[in-house]
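> Provided herewith is a single structure, encoded as structure tokens, for subsequent inquiry.
Throughout, read-outs are computed from the coordinates displayed, never taken from laboratory work. All values reported here derive from a predicted model rather than from experimental measurement. So basically every Cβ, Gly included, is an ideal-geometry build from the backbone, and we count neighbours across all protein chains shown.
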Amino acid sequence: MKLLEKLLGRIRPGSSHAGNPPTDGAARNAQIAETIDRALNSAGLTQQGGASGQVRATIDQSLARAGLVRPMEQMPSDAAAPQAREVTTAPDAPPEASGQWLARSYSGDAGSLDYKLYVPSGTTLDQSTPMPLVVMLHGCTQSPDDFAAGTGMNALADEHGFLVAYPAQTARANGNKCWNWFRPGDQVQGRGEPAMIAGIVGHVAADHRVDRKRVFVAGLSAGAAMAVILGETYPDVFAAVGAHSGLPFGAASDVGSAFSAMSQGAQRNAGGRGAGATTHAVPTIVFHGDADRTVAASNSEAIVRDATAGATQSVVQDGIAPGGRSYKQEVFEGPDGRPRVEHWTVQGAGHAWSGGSARGTYTDPAGPDASAEMVRFFLQQTSAAK
């Protein structure tokens, strides 16, 4: 572990030994590989030795799971593979639903992002009633189609009458298509990925009647970490956050601290909240498996602590999902009596979307339906700002 920490300390997303890192993914991976090999040699582990190979494989798998480097030819084919009980069959087509599945693109001062938009059946451009909007942020290696299929959110959109936007991370921005939650420039308002994702809300609203008091964001893993960041940096845009297997705001500022947060939980300032955190706690629903070996479950507890300002715990109950997973649900109510924070701990679940469909990757069909519970929670919330 000490060797791994030493290696991680040398790999920074925003710097290199010779100035700025190469922007090309292959060149950046080659630079990281060279750094790892030098460190192995300095530790007395030759590149040809069995110990070196084992250490290198462990490092490569950890880097790939975190989305901190691109899994190129030198990485094991299972570097980012889900754990046991997680379904890995990716969909070959957009999710089955009766509405419109549209490919869109947003451009703004912070950059550009493609996204998919689901418009529920029966929706017209001249409709008189504004609709809620849910922004869904996929996890590492996933795509909008994959995430939509796995979460089943589009079917819920048909049932409840809301729009769903699925921003798509690019391999150019992150080799594993993860949202860059660990970079300081992507943890602030008006810059980077938070600004682009928030901009998509306005882009959707330009063509559809969006209820700006009921705009929500949810995500898985790196997408959950970015959803938490959006709740922190754009509380005037997002009325509530859904975080599945994610990390709290300010959990990391570079690669080394990202691995530490993922494996051991976020180590932050004495006040508990990350640097730059606001005093505005957005209503939040959190899901996490207690057997998650990719992101420590203690991170979900940190998200809950940040979000429960002014809320009091009112309900703690245990249950068993139809698929067989046991779970604990904690509910914290705000002064108005509405659920302000919910914390779902799924027993025996790994790094996967609880209650998800086998049509998508990183799903655990045996758990409680995270999508349905998030939608229920979201529709109970109303933002204070338009």
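> Which FRET efficiency value, to the nearest 0.05, do you get for Ala206 and Ala173 by plugging their Cβ-Cβ distance into 1/(1 + (r/R0)^6) with R0 = 22 Å?
0.35
> Let me ask something else about it. Of the peptides 214-224, 179-189, how do they stack up when ordered by the mean number of other Cβ atoms within 10 Å, highest first?
Peptide ranking by packing, descending: 214-224, 179-189.
> Report the net charge of residues surrounding Pro167, where surrounding means a beta-carbon distance below 15 angstrom and charges are Lys +1, Arg +1, Asp -1, Glu -1.
-1
> Shifting gears a bit: Quick one: if you stick a label point 7 Å off each Cα along the C-beta vector at Ser326 and Ala309, how many nm between them?
Label at Ser326, label at Ala309, 3.6 nm between them.
> Want the number for Gln127 to Gln380: 0.36 nm per residue separation, take away the alpha-carbon distance, what's left?
88.8 nm
> Follow-up question, since we're still on this one. If I stretch the segment between Asp336 and Arg293 completely, what's the gain in nm (0.36 nm per residue apart, minus their alpha carbon distance), one decimal?
Here the segment from Asp336 to Arg293 would lengthen by 11.8 nm.
> A follow-up question, please. Take region 100-379, compute every pairwise Cα distance, and split them into 10 Å bins from 0; I just need the percent in each bin.
7, 32, 39, 19, 2, 0
> Using packing as a proxy for protection, rank 326-336, 247-257 so that the peptide with the highest average count of other Cβ atoms within 10 Å comes first.
Top of the packing list down: 247-257, 326-336.
> Please report the antiparallel percentage of the DSSP beta bridges confined to region 188-332, to the nearest 5.
45 percent
> Separate question: Charges at C-beta only: +1 for Lys and Arg, -1 for Asp and Glu. How large is the resulting dipole of region 100-379 about its Cα centre, in Debye rounded to 20?
300 debye
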